[in-house]
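Okay, structure first, notes after.
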Amino acid sequence: MYKRILIATDGSDLSARGLDKGLELAAQLGAAVDIVTVSEPWAVGMYDAMGWSVGYETSPEYKKDREDAAQKILQPAVDVARASGIANVVSHHVLDRYAADGIIETAETCGCDLIVMTSHGRRGVTRVLLGSQTTEVLVRTKLPVLVIR
């Protein structure tokens, strides 16, 4: 069935549930797993609020800070995957992309045949106002997507 599964995580409790379900499926199928987290671009106004000068986003410190934050999400996820018996697990950090873009691009680059991600299940005006990266992935990818709520 599925041979390579991409699991998206942001480190939240909800995404941990998605990670668990994705790993459970991968273990049952003997599938390889790619775990991805995406660091979205920072808004320019954020730099001023944080006291940073413009240009911080291109500095080595910026990249290191973002990579360190991503590894705090990815390493525990990889540890859980290995403890679940997944032999082939690879982690990916996508920097300065919107979540849907990073998830789709990583799945395609890695040759995944299933994407597992979570959704809060928002409806109506809340969904319109907040947007939905899950909806973006569902609409734009040609791959099957398993949505965990």
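Below is a table of values for the structure above.
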{"item": "Considering residues of region 1-15 that are touching a helix residue (DSSP H, G or I) at 6+ places or on another chain (Cβ under 8 Å) and open to solvent by less than 90 Å² (accessible area, probe 1.4 Å) only, the residue farthest from Glu108 (Cα to Cα)", "result": "Gly11"}
{"item": "Count of residues meeting criterion [small (Gly, Ala, Ser) and modelled with pLDDT of 95 or more] in region 109-123", "result": "1"}
{"item": "Lone unmet requirement of (1) at pLDDT 95 or above; (2) under 23 Å from Gln133 (Cα atoms) for Glu40", "result": "(1)"}
{"item": "Exclusive hit being outside any strand (DSSP E or B), modelled with pLDDT of 95 or more, among the β-branched types (Val, Ile, Thr) and out of contact with any helix residue (DSSP H, G or I) (no Cβ under 6 Å at 6 or more places or on another chain), set Thr126, Thr106, Thr135", "result": "Thr106"}
{"item": "Members of region 63-83 that are surrounded by fewer than 16 Cβ atoms within 10 Å (Cβ to Cβ) and of a type in the set (Gly, Ala, Ser)", "result": "Ala69, Ala83"}
{"item": "Residue within region 58-65 that is modelled with pLDDT of 95 or more and closer than 17 Å to Gly11 by Cα present", "result": "no"}
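The values are calculated or read from the model by the stated rules, or taken from the named source; none is laboratory data. These numbers were taken from a predicted model, which means no experiment stands behind them. No Cβ is skipped: glycine too gets one built from the backbone with ideal geometry, and neighbour counts run over all protein chains shown. Please note that ligands, DNA and RNA were not included when accessible areas were found on the heavy atoms of the full protein model with its side chains. Shrake-Rupley method; radii C 1.70, N 1.55, O 1.52, S 1.80 Å.
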